[in-house]
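To start, I am sharing the structure in question, which I have written as structure tokens.
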Amino acid sequence: MDTLEKIFGGAARVKLMRLFLFNPTLYYETSDVVDRSKVETSRARRELNFLAKVGLIKKSSRGGNTVVWYLNDRFPYLVEFQRLLLQTSLVHKQPIVKKISKIGRIKLVVFSGIFKELWDNTIDILVVADNTKRGTVESVMSSIEAEMGKEIKYAILDSEDFKYRLGVGDRLVRDVLDYPHEVVLDKLGLF
């Protein structure tokens with residue numbers, strides 16, 4: 001258990017806090033919270049009730065038995081918590097790279113977007129890999145999204161496609177490389 005989990009009462013609470021803090025305009029039903037955070041339903045309910053009790057999130061009924069949860073934009077420590085949870089998410093990049101390495105023969109990993117505090121950037125993770133498996137890619141990225149608490153925008157390119165796109169100044173590649181980014185792994189020897 002890392003320090004943040006100890007301070008905030010466990011990994012489940014931290015995942016739920018990230019989910020709401022990094023998606024401040026979205027409303028979630030309990031089932032959505034469970035799906036996105038990969039937290040067991042009973043634990044998610046306890047944590048949601050706790051976070052509502054301390055005022056970080058709010059609960060609202062939407063007809064019938066439907067309950068939605070959303071971030072309380074008047075929470076006094078909102079900005080500080082967002083900053084803290086983002087910074088602590090970004091410290092642990094190697095476990096993310098280790099997860100990404102399961103998708104195929106990894107040649108290049110570039111972090112941008114949320115990893116550089118650019119919330120509206122087009123791509124958060126650019127991966128160049130050969131012999132990727134679509135099911136594995138989706139599973140790995142879903143796992144990373146659950147840890148980060150935010151949908152990750154990513155692009156997976158094979159080596160030939162990446163080299164071609166780089167050579168012609170393709171917009172997708174340029175949008176990552178022209179903005180703040182971090183090359184985390186480079187087996188192509190480009191950077």
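Give just the number: which of (1) farther than 22 Å from Val33 by Cβ; (2) assigned by TED's automatic domain parsing to the domain that holds Val54 does Val137 not satisfy?
Answer for Val137: the failing condition is (2).
If you don't mind, another one. Here is a check on your reading of the model: is Gly64 farther than 18 Å from Lys150 by Cβ and not aliphatic (A, V, I, L, M)?
Yes: the conditions hold for Gly64.
The values are calculated or read from the model by the stated rules, or taken from the named source; none is laboratory data. Since the structure is predicted, the reported quantities are computational estimates derived from the model, not experimental observations. A quick note on method: Cβ atoms are made from the backbone with ideal geometry, for glycine too, and the neighbour counts reach across all protein chains shown.
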